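Following: one structure in structure tokens, then a few remarks.
The values are calculated or read from the model by the stated rules, or taken from the named source; none is laboratory data. In this text, all values refer to a predicted model and were calculated from it rather than measured experimentally. Neighbour counts run over all protein chains shown; Cβ positions are idealised from the backbone, glycine included.
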Amino acid sequence: MTTKKRRLLTINDVRKRFGKLGLTIIDEAEFVNSKSKMTAVDEEGYKVYLLVNRLPYLKSYRRFDKNNPYTIDNIKLWLKINDPDYELVSKHYNGSEEKLEWRKVSRPDLPTFFTSWHMFYSDGNRHPDLAVERYSSSKRRKPKQVRLDIEKRLQAQFPQWSLDENEEYKYRTAKKSLMCITHKEGFKSTITYDSIHTNKAITLFHPKKPLESIHNIELWTNKYSQYWFVKNQKYTTFRGKYKFICDKHGEFTNNFSTIYSYDTGCQECIYEAFFREGNPNWNPDITDEEREERHARVTVEYLRWRNSVLKRDNYICICCGETTLELLEVHHKNSFHWCIEGRTDISNGETLCKHCHKDFHMTFGYRDNTEQQFEEYLYYRLIDK
């Protein structure tokens, strides 16, 4: 019994198979056998990528599919032919329901928007902001009239403010929030048609307007204070703590209300100003060494040392057991003035109340104190108990 030899598939056979679907091969050199995948283009210029041995079973092909690597190019071609006023920004396609990024070419003032290819292809009203504009145009108050009314009222009561660009198209009802901006500084705030007609003040800082408030804090700090505002912070309250940068001392944290009211907040700047010549607290009768010693007692590092010692001793006087916070002080076992390396050493500090602290110095004096003196004082106090 003889068997028929299967005829090898040729490139001409492949051309015919693609031709039945209305496709023309553009990479014939890629053909090896029936399991080859090849690129073809239709009459309108759309590209597809198909397996040769599947061609006899296909009645049509998909221009836009996650298995077609040319889908992004095909979408751009579709836009060029059918809607050139839109541009596809996304570079990857993972299915008709995945949201892609789009841009309207003729309206650079509008932000890019996200929608799936399926919704874009089937919906004639594509950009959401344009839908708002069309919706606004059908309302009783037209966008042009909204802008005229609000601008007139702002000019009368708040002449430094004006309605931001294209905000009139977002108007839907009298309670819809619209963005307004100052002419010179660029501060932002939201108003409603109702609020501007009821003489309500425009606020720069408000918990219900966190995005505008944090923008205004950053703008005000950088423009009117001696510090810089650290970006990407969240708004809490006007008196909330935020991070700032001092050109001289680096980053610090303080209440915005302090900087807003007094234009100061960096503790190092405050300490330097306090001990600077010309300040009411300046004492010309003391030496530079004494002045430096006093300054060292009000630095941030010193305050941290004091709090650390109190916390270590559980806020209790180790001599008498006093726990009233207002009466507690921290004593240097080796005196502050001579033991410079131990000024902020936690092991050199002990928690005493005001009475015990004064009693120690009345016994051993206020200078040249040592750890041995403190141990002696503590020993006799424990015996007295």
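Of note:
- Residues that are under 18 Å from Lys142 (Cβ atoms), aliphatic (A, V, I, L, M) and either surrounded by 18 or more Cβ atoms within 10 Å (Cβ to Cβ) or in contact (Cβ under 8 Å) with a residue 40 or more places away in the chain (or both), drawn from the stretch 152-199: Leu163, Leu178, Ile196
- Those residues of the stretch 251-269 which are surrounded by fewer than 14 Cβ atoms within 10 Å (Cβ to Cβ) and at pLDDT below 90, in sequence order: Thr258, Ser261, Tyr262, Asp263
- Sole residue being closer than 25 Å to Ile202 by Cα, over 32 Å from the mean Cα position of the chain (by Cα) and at pLDDT 85 or above, chosen from Gln145, Gln160: Gln145
- Test: residue in the stretch 344-357 that is assigned by TED's automatic domain parsing to the domain that holds Asp313, under 15 Å from Val330 (Cβ atoms) and of a type in the set (Gly, Ala, Ser): yes
- Only one of Lys231, Lys208 that is out of contact with any Cys (no Cβ under 8 Å at 6 or more places or on another chain), free of Cβ contacts under 8 Å to residues at least 12 places away in the same chain and more than 18 Å from Asp263 (Cα to Cα): Lys208
- The sole residue among Asp129, Asp109 that is under 29 Å from the mean Cα position of the chain (by Cα) and either assigned to a loop (DSSP other than H, G, I, E, B) or modelled with pLDDT of 85 or more (or both) is Asp109.
- Subset of the stretch 147-200 [over 15 Å from Asn216 (Cβ atoms), among the polar types (S, T, N, Q) and outside any strand (DSSP E or B)]: Gln155, Gln157, Asn166, Thr173, Ser177, Thr192, Ser195, Thr198, Asn199
- Condition met for Leu79 (touching a residue at least 12 places away in the same chain (Cβ under 8 Å) and assigned by TED's automatic domain parsing to the domain that holds Ser116): no
Here's the yes/no breakdown for (1) at pLDDT below 90; (2) hydrophobic (A, V, I, L, M, F, W, C):
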{"position": "Asp345", "(1), (2)": "no, no"}
{"position": "Lys354", "(1), (2)": "no, no"}
{"position": "His357", "(1), (2)": "no, no"}
{"position": "Phe360", "(1), (2)": "no, yes"}
{"position": "Thr370", "(1), (2)": "no, no"}
{"position": "Phe374", "(1), (2)": "no, yes"}
{"position": "Tyr380", "(1), (2)": "yes, no"}
{"position": "Ile383", "(1), (2)": "yes, yes"}
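- Annotation: of all residues in the stretch 318-350 being charged (D, E, K, R) and not in a helix (DSSP H, G or I), the one that is surrounded by the most Cβ atoms within 10 Å (Cβ to Cβ) is Glu350.
- Yes/no for Ser90 being in contact with an Asp or Glu (Cβ under 9 Å, 6 or more places away or on another chain), at pLDDT below 85 and surrounded by 14 or more Cβ atoms within 10 Å (Cβ to Cβ): no
- Residues of the stretch 306-343 satisfying the condition of being at pLDDT 90 or above and of a type in the set (Phe, Trp, Tyr): Tyr315
- All positions within the stretch 71-106 that are within 30 Å of Glu168 (Cβ to Cβ) and in a loop (DSSP other than H, G, I, E, B): Asp83, Pro84, Asp85, Val89, Val105, Ser106
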